[in-house]
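A short write-up of the structure that comes next.
The values are calculated or read from the model by the stated rules, or taken from the named source; none is laboratory data. Model, not experiment: these values are computed from the prediction. All Cβ positions, even for glycine, are placed from backbone atoms using ideal geometry, and neighbour counts span all protein chains on display.
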């Protein structure tokens, strides 16, 4: 059913990670506050995973083992926990007193006892643990290469039992309906339910979706799934759950979808452009005019419509008087792998390309055009994320910058400490791109990179460094 892992990673690089929500990108911005990117205090090696810890810290899965990072008063402390050979971390999930940690070697339990963090291996024949998800009233579902398990709290830590249904390798799990979990596995889709103290798995069909990238609940209708093979809809009909391609015979396969400001969705399908509108518990599809494009890689919501990234170029789609118009904005070749899209408070959209650098489109401009952002040659872009009250943090080949939109111009201000070493690329997990960075309670942002752990801490750098000009 599912494609091989390397194919999934390649498809993600082409389509770009899901950096923004389906419902919009704008963030509030108050008085600008300063921050500074510094290196963490311990040599972790390349960071492959960042995840939440129950108190004020974050789990760090890195080349040299498992670590716990905390921040206080602008300082980041990093402590190694557990066995250095714990294995590559793939996922984690909060658990009473600590966290369950899924690795390529199995399942771990990390807990704080008498002020120290202890890490223990859970004895179970799981193989790789790929995903973890709460099943309300039952415990934590554990998705592994050998099927689905259920973990519950026990006196000695964790009790874990395999679920009877043979799912094959579990790839992903999503909350579904009120208290159920949707499971994508090698042998199809399943729904996990807890009824009267018993956990069961019910088959939900064999839709060939490939890896799922994101989901969105459609109230009264079901769960919308963006996957490698297109867009799908999971619906509950009585006690049965079905997963089928989004669309109908008129639309054909839906390749891209985005929310519009009026509540409808804009779809690009194998048969052209359509609106989708929710009516009486059903989706109604209406054809609309649009450009003849071979493939749409990404569409993101902007204030008056959507930004479209296709094989035939960039377009701004504007909604007015119930009609949508498409404005050509730039050629596809101007960018190569536009992985990151981020709308600044003023409406300009930053575009981070994995090879060609930083670009900008102003969708509300009279004649919007794709252009270089700022006056610096940043090299490749490997991170764009919101820094509330400051702007956008941009990680690039030439260092870290704060991007702000002032008087119609994108300013890029260096925010790296004077002694900041070369970070290399910010490493993105193939199907969990948000884990390249992790927020801490004091406002610090941890950044997992190719050459170690870094942090954007509140407060200005003593001396800022412009790597490109050595200023």
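Please enumerate the residues belonging to the stretch 428-471 that are modelled with pLDDT of 90 or more, in contact with a helix residue (DSSP H, G or I) (Cβ under 9 Å, 6 or more places away or on another chain) and over 14 Å from residue 57 (Cα atoms).
Residues satisfying the conditions are 448, 449.
Conditions tested, residue by residue: (1) touching a strand residue (DSSP E or B) at 6+ places or on another chain (Cβ under 8 Å); (2) surrounded by 15 or more Cβ atoms within 10 Å (Cβ to Cβ); (3) over 30 Å from residue 361 (Cα atoms); (4) at pLDDT 85 or above.
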site	(1), (2), (3), (4)
4	no, no, yes, no
10	no, no, no, no
69	yes, yes, yes, yes
93	yes, yes, yes, yes
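Which of the residues spanning the stretch 280-304 are free of Cβ contacts under 8 Å to residues at least 40 places away in the same chain, in contact with a strand residue (DSSP E or B) (Cβ under 6 Å, 6 or more places away or on another chain) and either in a strand (DSSP E or B) or more than 21 Å from residue 365 (Cα to Cα) (or both)?
Scanning the stretch 280-304 gives 284, 285, 286, 287, 288, 293.
Just give me the residues in the stretch 371-380 being buried (at least 22 other Cβ atoms within 10 Å of the Cβ) and modelled with pLDDT of 95 or more, in sequence order.
Passing the criteria: only 373.
Determine the pairs where a residue that is on the phi > 0 side of the Ramachandran plot and without any contact (Cβ under 8 Å) to a residue 24 or more places away in the chain, located within the stretch 54-75, has a partner that is exposed (fewer than 14 other Cβ atoms within 10 Å of the Cβ) and assigned to a loop (DSSP other than H, G, I, E, B) with Cβ atoms under 7 Å apart, the partner being 6 or more residues away or on another chain.
Hits for this filter: 65/84.
Which members of the stretch 305-345 meet the condition of being more than 22 Å from the chain's Cα centre (by Cα), more than 23 Å from residue 408 (Cα to Cα) and without any contact (Cβ under 8 Å) to a residue 40 or more places away in the chain?
Answer for the stretch 305-345, where residues must be more than 22 Å from the chain's Cα centre (by Cα), more than 23 Å from residue 408 (Cα to Cα) and without any contact (Cβ under 8 Å) to a residue 40 or more places away in the chain: 311, 312, 313, 320, 321, 323, 325, 332, 333.
Within the stretch 36-47, how many residues turn out to be at pLDDT below 90 and surrounded by 16 or more Cβ atoms within 10 Å (Cβ to Cβ)?
Residues of the stretch 36-47 that are at pLDDT below 90, as a first pass: 40-43.
With the extra rule that they be surrounded by 16 or more Cβ atoms within 10 Å (Cβ to Cβ), the set shrinks to 40, 42.
Counting residues in the stretch 36-47 that are at pLDDT below 90 and surrounded by 16 or more Cβ atoms within 10 Å (Cβ to Cβ) gives 2.
Taking the conditions exactly as written (assigned to a loop (DSSP other than H, G, I, E, B) and either under 21 Å from residue 193 (Cβ atoms) or touching a residue at least 12 places away in the same chain (Cβ under 8 Å) (or both)), does residue 137 satisfy them or not?
So residue 137 fits the description; yes.
Answer yes or no: is there a residue in the stretch 191-202 that is within 22 Å of the chain's Cα centre (by Cα) and either at negative phi or at pLDDT below 90 (or both). Can you show your working first?
Here is the first cut: in the stretch 191-202, the residues within 22 Å of the chain's Cα centre (by Cα) are none.
No, every residue in the stretch 191-202 fails to be within 22 Å of the chain's Cα centre (by Cα) and either at negative phi or at pLDDT below 90 (or both).
Which condition does residue 213 not pass, out of (1) modelled with pLDDT under 90; (2) part of a strand (DSSP E or B); (3) over 23 Å from residue 142 (Cβ atoms), if it passes all the others?
(3)
For the condition farther than 21 Å from residue 135 by Cβ and part of a strand (DSSP E or B), what is the one hit in 190, 232, 171?
Among 190, 232, 171, only 232 is farther than 21 Å from residue 135 by Cβ and part of a strand (DSSP E or B).
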